[in-house]
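Beneath this line is the structure, given in structure tokens, with notes to follow.
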């Protein structure tokens, strides 16, 4: 590699490190501004819970038992536990904030290097490549998802995979196939499940474009298409621990969301955020992805790059990708066509997510435009730099919410000085390569960097890793009144920001397990119990990306279902009228308008039942328990399956539930059993939970529509339960082999090139 190329490759890495330096030195981390409900009440506490779990048990939890009756981590679709960099960061870093910042920084560097290499593949010279890499990396860093464990891989997977695909079509499959596989593996293991969908579709567009436009004979093009498919196959195999169990359990590989007619598209504010550092503020409350900042001079550079790219066969695909992203994101008829023809598009949650897809071709087009600028004569370069400076100043002055030009002055003075030097400098061939190839991209990158820093001041500024005061008060209330043997639920909590009081997931970093949940991938069993318990008519079916909790417009909760779920504590407000006599709840503490109730009628977390009946469905089981579940000592359990019904018997008896990690439970029975008995554990039923007594595996069944039941043989005194999906070791092995194979192939290619270079 030439020295100038290596030097310019360091420019984006240095700027990314400078941007994130305060976070690396003093972690700022996993709590972002108050405007974002998901951040405060879901991502932050879940990440903190994950970090503490790794500290305690050395691995991420395969079963999430803190909310929603418990459910497998594979059902979440965006917090896969098999992404090794995430686990390593949590093990190595001293705090959750340091781990999150380390992941962001490292992935931003990987993304920048991949874009730099991709730009060179597109024959963009080193100066333009450095700017493209910087624009891409800094555009990703300010987004609201940056400080969370599941997000950093967003910054790297697309350029890595696209780089691999383009290398395949440039007859370098030995290098391209491993990179393509690594990019897809990162998308599947390290980000949201829908990222894999989007990435596969982007790669398919590029591969089809190359197949149709490549000048080689059909046989050669077919061979390259086969190599592309091989890389994609290895990548999907690497990501299998996330998408395959989900697909098997759900019968789909994407989340079920709003219909196309209801989803939001790109808005004017979201569009403005690409070039205005304050645009994200206006989009924050109304859009999920209105916080992408590409740079003050992005509009001119991207348009210029698009004009240039269309005249070249190798770069025209960038314009195609950008056009498709725009046509989809602005909800043109193309979106309806995709919903019919392409799997997954009929259930997308928000097409504005394509703003992330658009950043990559936009950054490369900007680099292409600057590359053409650098190829001009000295006077032309000076004029071009001056125009860019003027444009950036105009945007800054007219669009910034707080017109503080002081932070832009150093970049402006530097730009004018370099432009004047170029005009006076005489290069023999009349071109401004060499030293100026470093000066110009560094200058323009610095202007972008200044705007990004300004966005951090005004927009998605992370905050110290300390709960807000109001959160701390709530956490203290929960901690004071928690009963480890029972479950919590909310009562009368608003679901509309900014008037909301709290979200139950806020309490993942406090003691307690919650019926309430925020879920993008809601299970039918949980929904089938939650809806009749709350009486809610807000959702006609399970729907992703919603808060499942009791709100003021819901009727009073069903006390039988509350009791049968083991809910011994209720955290609510005085905004709703509540007949505590009818419900059987007693006030334990009131702080302002917030109230903690205790429910003395809650079923124990584990109990032995000698009265049960078989029912044909989950709905029938829930209906039955709702009719006679008020009194624990007299109730009859409802079992789905072929277990023989017991019409009469003694009253149920509590058993002692001892928790290890989230995947292991032990139930100590009150005495040795004289005959087979049904043991009920008030946690979600799942076929992958295995129960044993005395080394013998026991038969399991769903009880009361949602919970875990086990038939315990006579003579047993203790039952152990383990979450043990049979596919875990096999998929883990498959993923490991795929990733190790791809990495080994990359290492072999690098070693070969190094050896050839030494000859």
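Structure notes:
- Of all residues making up region 610-635, the number that are at pLDDT 85 or above and buried (at least 22 other Cβ atoms within 10 Å of the Cβ): 6
- The single residue among 371, 346 that is surrounded by 22 or more Cβ atoms within 10 Å (Cβ to Cβ) and either at pLDDT 70 or above or part of a helix (DSSP H, G or I) (or both) turns out to be 371.
- Checking each residue in region 695-720 for being free of Cβ contacts under 8 Å to residues at least 12 places away in the same chain and outside any loop (DSSP other than H, G, I, E, B) picks out only 697.
- Some residue of region 565-574 being touching a strand residue (DSSP E or B) at 6+ places or on another chain (Cβ under 9 Å), closer than 30 Å to residue 718 by Cβ and in a helix (DSSP H, G or I): no
- Filtered residues of region 590-629 (kept if assigned to a loop (DSSP other than H, G, I, E, B), out of contact with any helix residue (DSSP H, G or I) (no Cβ under 9 Å at 6 or more places or on another chain) and within 28 Å of residue 658 (Cβ to Cβ)): 600, 605, 610
- Exclusive hit being within 30 Å of the chain's Cα centre (by Cα), more than 21 Å from residue 46 (Cα to Cα) and touching a residue at least 12 places away in the same chain (Cβ under 8 Å), set 533, 508: 533
- One residue stands out in region 110-132 among those that are touching a helix residue (DSSP H, G or I) at 6+ places or on another chain (Cβ under 7 Å) and assigned to a loop (DSSP other than H, G, I, E, B): the one that is modelled with the lowest pLDDT, namely 125.
- Flag: residue 12 matches the condition of being more than 15 Å from the chain's Cα centre (by Cα), more than 25 Å from residue 569 (Cα to Cα), at pLDDT 70 or above and buried (at least 22 other Cβ atoms within 10 Å of the Cβ).
- Residue 682 crowded, with 22+ Cβ neighbours inside 10 Å, at pLDDT 95 or above and touching a strand residue (DSSP E or B) at 6+ places or on another chain (Cβ under 6 Å): yes
- Residue that is farther than 17 Å from residue 546 by Cα, at pLDDT 80 or above and in contact with a strand residue (DSSP E or B) (Cβ under 7 Å, 6 or more places away or on another chain), where the choices are 530, 514, 488, 474: 488
- Hits in region 528-556 (condition: surrounded by fewer than 21 Cβ atoms within 10 Å (Cβ to Cβ) and either in the same structural domain as residue 707 (by TED's automatic domain parsing) or outside any loop (DSSP other than H, G, I, E, B) (or both)): 528, 531, 532, 546
- Residue 705 under 33 Å from the mean Cα position of the chain (by Cα) and at pLDDT below 85: no
- Test: residue 174 is buried (at least 24 other Cβ atoms within 10 Å of the Cβ) and either on the phi < 0 side of the Ramachandran plot or out of contact with any helix residue (DSSP H, G or I) (no Cβ under 7 Å at 6 or more places or on another chain) (or both): no
The values are calculated or read from the model by the stated rules, or taken from the named source; none is laboratory data. All values reported here derive from a predicted model rather than from experimental measurement. Cβ: placed from backbone, ideal geometry, glycine included. Neighbour counts: every protein chain shown.
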